[in-house]
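Participant: Here you go, one structure.
The values are calculated or read from the model by the stated rules, or taken from the named source; none is laboratory data. From a predicted model like this one, the values you see are computed outputs, not experimental measurements. Cβ sites come from the backbone with ideal geometry, for glycine too, and all protein chains shown count toward neighbours.
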Amino acid sequence: MRAMNRFEAYTTKFVQSIGKKEGAVSPVIANSASFAYGDPETAEAIFDGSVKKPLYSRMGNPTTAQLEQILADMDGGIGAVATSSGMAATALATLSLLGSGDEVISIGGLFGGTYSFFSETLMRFGVQTSFYGVDKLELVENAITAKTKILFLESVGNPNMELPDIAAVAAIAERHGIVLIVDNTITPLSISPLALGADIVVYSTTKIISGNASVLGGAVVFRAIADGDDKFKSSRYAEVHKFIKGMGKPALIANAKKRAMRDFGMSANAFGSYLTMIGLETLPLRMDRIVTSTERIVAALDAAGLKVNHPSLPGHRHHGRYNTQFANGCGTLFTIDFGTKESAFAFLRGTRLATLTANIGDSRTLALHMASTIYRDFDAEASAFLGITDGLVRISVGLENPDDIIRDFLEAAAG
Ligand SMILES: *Cc1c(COP(=O)(O)O)cnc(C)c1O
């Protein structure tokens, strides 16, 4: 018998919780901005939280609530808040905890938008972020001050393909009582950040969760507040205390909705949440195939002499970590360094399979030259830190036959 899908634990749960057993099988789209309360007593009760019914779609929508419940269960969180995009998810998770004068420590490679959010935008509002290489954990620990509110990391450095030691970072966060936020966009199902000790998980659901370029979206998954000791009960997170007092375990959901969603309005819409669920149904099947294909493709291209960067290759400096903490793979990405921009462009003109776009995690294989596109506005120092070189092409492996991809790439690379 063939080996089971490595994400078998999710296959039953996803399809069963997305489809209904009575009435419309496919999720119903609650396409309304507002919801009628019926009588004033109910209106009052909805607003004070004692009656759980929809209030207004900026604060929550029934279709979106179904998606949020599934994503919370997926990661073992107490709840989730879906957002209009992945950047909105990062904004919600961070802005709900930060104030002027606070500090953020970012560890490892970073998505371009997240890097500029921290280095430019939060900076304008008086929040300082310092950036450290993925294995500089001693420096990270020394950089923590009384003002540090968030440790932030991505489960896989995109596009530098470095793998963080998430458990070790979580141990630092625990030791110092600081919140750890993990952007798990690239490795849903493969990595469970909350189980590894993170407090909050952010996703761009635009990527492999939806999987087909049909919808922009994001989500933030929160852990429950513990009954006894909890880092959120320390004076560092004093703003959260009133929500812990009023709500208990799901306090971080209320904090996120009232301190970020209500006032910034980065809300998901019902149709987007519907499309995201349709994608999510098949995530375990797609993820399993893509992880297998990616390992096969990078091995073949590496053997053919291309300069491939992926931690499944024995020469990669995080190969050991790939086999332990990342035993379920590290998602859809790898990079090829063609040395020069000209050679990279020649490859991109030559490939007949890859779609040239900034997206990742699609059903189709995607490719993009990094330095001339997403990272064009970054100075030399930032580019070097993020691992961007002149000839770097990022690949996101899709659902095609991996042997077709190998053949196409070798032909395109040969010119
Ligand atoms: C794409 C991406 C984001 C931003 O998501 P959008 O949905 O495009 O706003 C954040 N983090 C990572 C790792 C991403 O790949």
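Participant: Is it fair to say Val156 is in contact with a Cys (Cβ under 7 Å, 6 or more places away or on another chain) and either outside the structural domain of Ala195 (by TED's automatic domain parsing) or among the β-branched types (Val, Ile, Thr) (or both)?
Facilitator: Spelling it out, Val156 is indeed in contact with a Cys (Cβ under 7 Å, 6 or more places away or on another chain) and either outside the structural domain of Ala195 (by TED's automatic domain parsing) or among the β-branched types (Val, Ile, Thr) (or both).
Participant: Please name all residue pairs, on different chains or six or more residues apart, with Cβ atoms under 7 Å, provided the first residue is in segment 198-222 and is within 24 Å of Ile395 (Cα to Cα) and the second residue is within 12 Å of the ligand (Cβ to nearest atom) and of a type in the set (Lys, Arg).
Facilitator: none
Participant: Could you tell me how many of the residues in segment 114-130 are surrounded by 16 or more Cβ atoms within 10 Å (Cβ to Cβ), part of a helix (DSSP H, G or I) and more than 11 Å from the ligand (Cβ to nearest atom)?
Facilitator: Number of matching residues: 4.
Participant: Can you tell me which residue among Phe326, Phe338 is more than 16 Å from the ligand (Cβ to nearest atom) and at pLDDT 95 or above?
Facilitator: Phe338
Participant: Separate question: Among the residues of segment 60-76, what is the count of those that are away from the ligand (no atom under 16 Å from the Cβ), in contact with a helix residue (DSSP H, G or I) (Cβ under 6 Å, 6 or more places away or on another chain) and under 17 Å from Pro250 (Cα atoms)?
Facilitator: Total meeting the criteria: 2.
Participant: For segment 306-415, which fully contained helices (runs of 4 or more DSSP H) count at least 3 residues that are in contact with a Ser or Thr (Cβ under 7 Å, 6 or more places away or on another chain)?
Facilitator: 402-414
Participant: Can you find a residue in segment 82-90 that is more than 15 Å from the ligand (Cβ to nearest atom) and under 15 Å from the mean Cα position of the chain (by Cα)?
Facilitator: no
Participant: Go through (1) among the hydroxyl-bearing types (Ser, Thr, Tyr); (2) closer than 30 Å to Val291 by Cα; (3) part of a helix (DSSP H, G or I) and name the single condition Tyr237 misses.
Facilitator: The number of the failed condition is (2).
Participant: If you don't mind, there's one more thing I want to ask. Quick check: anything in segment 23-33 touching a residue at least 12 places away in the same chain (Cβ under 8 Å) and within 16 Å of the ligand (Cβ to nearest atom)?
Facilitator: No, every residue in segment 23-33 fails to be touching a residue at least 12 places away in the same chain (Cβ under 8 Å) and within 16 Å of the ligand (Cβ to nearest atom).
Participant: Related question: Restricting attention to segment 21-69, report how many residues are among the small types (Gly, Ala, Ser) and in contact with a strand residue (DSSP E or B) (Cβ under 9 Å, 6 or more places away or on another chain).
Facilitator: 5
Participant: Would you check which residues across segment 137-160 are in a loop (DSSP other than H, G, I, E, B) and under 22 Å from the mean Cα position of the chain (by Cα) and list them?
Facilitator: Ser155, Val156, Gly157, Asn158, Pro159, Asn160, listed by residue number.
Participant: Considering each of Val221, Val215, Val169, Val201 in turn, give the residue that is crowded, with 24+ Cβ neighbours inside 10 Å, over 17 Å from Ala91 (Cβ atoms) and either within 16 Å of the ligand (Cβ to nearest atom) or among the hydrophobic types (A, V, I, L, M, F, W, C) (or both).
Facilitator: It is Val169.
Participant: Do we find that Ser235 is of a type in the set (S, T, N, Q), on the phi < 0 side of the Ramachandran plot and surrounded by 18 or more Cβ atoms within 10 Å (Cβ to Cβ) in this structure?
Facilitator: no
Participant: On the given criteria, is Ser190 among the polar types (S, T, N, Q), surrounded by fewer than 24 Cβ atoms within 10 Å (Cβ to Cβ) and modelled with pLDDT of 95 or more?
Facilitator: So Ser190 fits the description; yes.
Participant: Tally the residues that are under 17 Å from Ser96 (Cβ atoms) and either touching a Pro at 6+ places or on another chain (Cβ under 6 Å) or part of a strand (DSSP E or B) (or both), restricting the search to segment 188-204.
Facilitator: Matching residues across segment 188-204 total 4.
Participant: Follow-up question, since we're still on this one. Which one of Gly315, Gly331 is in contact with a strand residue (DSSP E or B) (Cβ under 9 Å, 6 or more places away or on another chain) and closer than 20 Å to Gly108 by Cα?
Facilitator: Gly331
Participant: Is it true that some residue in segment 291-303 is of a type in the set (S, T, N, Q) and either more than 20 Å from Ile209 (Cα to Cα) or out of contact with any helix residue (DSSP H, G or I) (no Cβ under 9 Å at 6 or more places or on another chain) (or both)?
Facilitator: no
Participant: Identify all residues within segment 1-38 that are of a type in the set (Gly, Ala, Ser), under 27 Å from Ser57 (Cα atoms) and part of a loop (DSSP other than H, G, I, E, B); write none if there are none.
Facilitator: Gly19, Gly23, Ala24, Ser26, Ala30, Ser32, Ala33, Ala36, Gly38 - these are the residues of segment 1-38 that are of a type in the set (Gly, Ala, Ser), under 27 Å from Ser57 (Cα atoms) and part of a loop (DSSP other than H, G, I, E, B).
Participant: Still on this structure, please answer the following. Going through Thr42, Thr83, Thr12 one at a time, which residue ends up being in the same structural domain as Leu252 (by TED's automatic domain parsing) and exposed (fewer than 13 other Cβ atoms within 10 Å of the Cβ)?
Facilitator: Exactly one of Thr42, Thr83, Thr12 is in the same structural domain as Leu252 (by TED's automatic domain parsing) and exposed (fewer than 13 other Cβ atoms within 10 Å of the Cβ), namely Thr12.
Participant: Name the single residue that is nearest to the ligand (Cβ to nearest atom) among those in segment 91-113 being within 17 Å of the chain's Cα centre (by Cα) and modelled with pLDDT of 95 or more.
Facilitator: This residue is Ala91.
Participant: May I ask you to list the residues in segment 317-335 that are out of contact with any helix residue (DSSP H, G or I) (no Cβ under 7 Å at 6 or more places or on another chain) and not polar (S, T, N, Q)?
Facilitator: Across segment 317-335, the qualifying residues are Arg317, His318, His319, Gly320, Arg321, Tyr322, Phe326, Ala327, Gly331, Leu333.
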